[in-house]
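Structure record follows, encoded as structure tokens.
The values are calculated or read from the model by the stated rules, or taken from the named source; none is laboratory data. Fair warning: this is a prediction, and the values are worked out from it, not measured in the lab. Cβ placement follows ideal geometry from the backbone for every residue including glycine, while neighbour counts extend to all protein chains displayed. Note: areas computed on protein heavy atoms with side chains; ligands, DNA, RNA excluded. Shrake-Rupley method; radii C 1.70, N 1.55, O 1.52, S 1.80 Å.
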Amino acid sequence: MLGDKKVVFSGVQPSGNLTIGNYLGAIKNFSRFSEEYKTFYCVVDLHAITVRQVPAELRRRTYETLALYMACGLDEQKNTLFVQSHVPAHAELGWMLDCYTMFGELSRMTQFKDKSAKHSENINAGLFTYPTLMASDILLYQTDLVPVGIDQKQHLELARDIANRFNQVYGNTFAIPEGYIPQDTMKIMSLAEPTSKMSKSDTNQNAVVYILDSKDDIIRKFKKAVTDSEAEVRFSEEKPGVSNLITIYRAFTGKTVEEVEREFAGRGYGDFKLAVGEACADGLAAVRDEFARLMADKAHLEAVMKAGADEAAYYARKTMSKVRRKIGFVN
Ligand code: TYM
């Protein structure tokens, strides 16, 4: 809580072009909290450098991620939009929380295991302590609710454990955050390999639909999507490709599973895939237009990130002074 409002915090890494997984699993849901909650949406650039980034690209993507937040409906007057590295308290609290996080806990994080397998040439300490920095992002603002996809659930649980541990030692200091994980779209799958998550770092361009892809590209990618040999549009665990397409179609049309199954009964996958591609492209058209408009005015984006960082720093300072006092640092 901050004042009389519950707090929402979430973040996205500016580490690649954002996908419809990022959109449907997270960003699309952000704006629903703007009225009733105190909301913080952060571009987590400190997290992004756990994997090597090309400096110019990191800088460009940081602007782009902020612009996408806004293009997806986040009004800068109603939400605190900012860049993580602009508020040094994230890194500072991250260090302190490292000292209340166990080596064993971090070793069990599946994302660490996956990423260290993928980047075996660069298994750096930041990759290992990534989840403590994420806990710091969340706990710094006395966050109640964290909208994320299911892949972040383990990290979120660790944040709760760290907060509880700290509170037990020093008395109530941090709010204990809950996840807000959307039932239907918590894990959008790859179009090429529908048993694995759609990921912005995938090297197969046909596996991933980016929010900013052109309509033609989107339709082409859905046409190529892996399905099965059954030619029946039916939602089932045994049909991961088709089920993923149904989920995406539903997310853009608001239809139920039954409605989608009925709509495509007796029709081939060709029709279905085209319809999914069109629904997705049309659903994103406004986002794309708004994004282009926002990116044309860098000065405005800079003003938004500056105001956001000032606002975030104000609240971060409050938590930090409490933390310092409790730990025993001299004021
Ligand atoms: P990141 O940048 O990998 O992803 C941003 C958000 O998108 C969600 N997501 C998905 N949801 C459904 N289907 C998918 N295929 C899919 N791919 C990604 C992610 O779950 C996430 O919500 N560690 C975080 C960033 C972070 C953060 C935080 C989030 C840093 N600090 C504090 C919340 C609170 C990450 O790497 O997200």
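Taking the criterion of being in a helix (DSSP H, G or I) and free of Cβ contacts under 8 Å to residues at least 12 places away in the same chain, the residues of segment 77-106 that qualify are W95, F103, G104.
Tell me, yes or no, whether segment 45-60 has at least one residue that is within 11 Å of the ligand (Cβ to nearest atom), within 27 Å of E290 (Cα to Cα) and open to solvent by 40 Å² or more (accessible area, probe 1.4 Å). Checked segment 45-60: at least one residue is within 11 Å of the ligand (Cβ to nearest atom), within 27 Å of E290 (Cα to Cα) and open to solvent by 40 Å² or more (accessible area, probe 1.4 Å).
For segment 233-249, does any single residue satisfy the condition of being under 30 Å from T50 (Cα atoms), touching a helix residue (DSSP H, G or I) at 6+ places or on another chain (Cβ under 9 Å), touching a residue at least 12 places away in the same chain (Cβ under 8 Å) and away from the ligand (no atom under 15 Å from the Cβ)? No - not one qualifying residue is present in segment 233-249. Kindly list, by first and then second residue, each pair from a residue in segment 131-154 that is hydrophobic (A, V, I, L, M, F, W, C) to a residue that is open to solvent by 10 Å² or more (accessible area, probe 1.4 Å) and within 7 Å of the ligand (Cβ to nearest atom), limited to pairs with Cβ atoms under 7 Å and residues at least 6 apart or on different chains. Taking only residues 6 or more apart or on different chains, the pairs are V148/A26; I150/M186; I150/K187.
With respect to M109, is the statement that it is within 14 Å of the ligand (Cβ to nearest atom) and surrounded by 14 or more Cβ atoms within 10 Å (Cβ to Cβ) true? Answer is yes for this residue.
Taking segment 76-92 as the range and being open to solvent by less than 50 Å² (accessible area, probe 1.4 Å) and within 13 Å of the ligand (Cβ to nearest atom) as the test, the residues that pass are F82, V83, Q84, V87, H90. Picking from residues in segment 128-149 that are over 14 Å from the mean Cα position of the chain (by Cα), within 10 Å of the ligand (Cβ to nearest atom) and open to solvent by 10 Å² or more (accessible area, probe 1.4 Å), the one that is farthest from S196 (Cα to Cα) is L133.
For segment 13-44, a residue qualifies if it is open to solvent by 60 Å² or more (accessible area, probe 1.4 Å) and more than 14 Å from the ligand (Cβ to nearest atom), and the qualifying residues are R32, E35, E36. Of all the criteria given as (1) outside any helix (DSSP H, G or I); (2) of a type in the set (G, A, S); (3) away from the ligand (no atom under 15 Å from the Cβ); (4) buried (at least 21 other Cβ atoms within 10 Å of the Cβ), the one not satisfied by G73 is (4). Residue check: A285 meets all listed conditions (1) under 23 Å from E64 (Cβ atoms); (2) open to solvent by less than 30 Å² (accessible area, probe 1.4 Å); (3) among the hydrophobic types (A, V, I, L, M, F, W, C) but one, namely (2). Within 23 Å of G11 (Cα to Cα), within 14 Å of the ligand (Cβ to nearest atom) and assigned by TED's automatic domain parsing to the domain that holds V276 - does that describe any residue in segment 211-231? Looking for residues that are within 23 Å of G11 (Cα to Cα), within 14 Å of the ligand (Cβ to nearest atom) and assigned by TED's automatic domain parsing to the domain that holds V276, one finds at least one in segment 211-231, hence yes. For segment 185-203, filtered to residues that are out of contact with any strand residue (DSSP E or B) (no Cβ under 8 Å at 6 or more places or on another chain) and at pLDDT below 95, the residue that is surrounded by the fewest Cβ atoms within 10 Å (Cβ to Cβ) is T203. For first residues located in segment 312-331 and open to solvent by 100 Å² or more (accessible area, probe 1.4 Å), partners that are of a type in the set (G, A, S) and lie 6+ apart or on another chain with Cβ distances below 9 Å form the pairs R317/A89; N331/S321. Applying the criterion of being part of a loop (DSSP other than H, G, I, E, B) and not β-branched (V, I, T) to the residues of segment 161-184, the residue that is surrounded by the most Cβ atoms within 10 Å (Cβ to Cβ) is F174. Number of residues in segment 24-67 that are farther than 17 Å from F82 by Cα, among the basic types (K, R) and assigned to a helix (DSSP H, G or I) equals 2.
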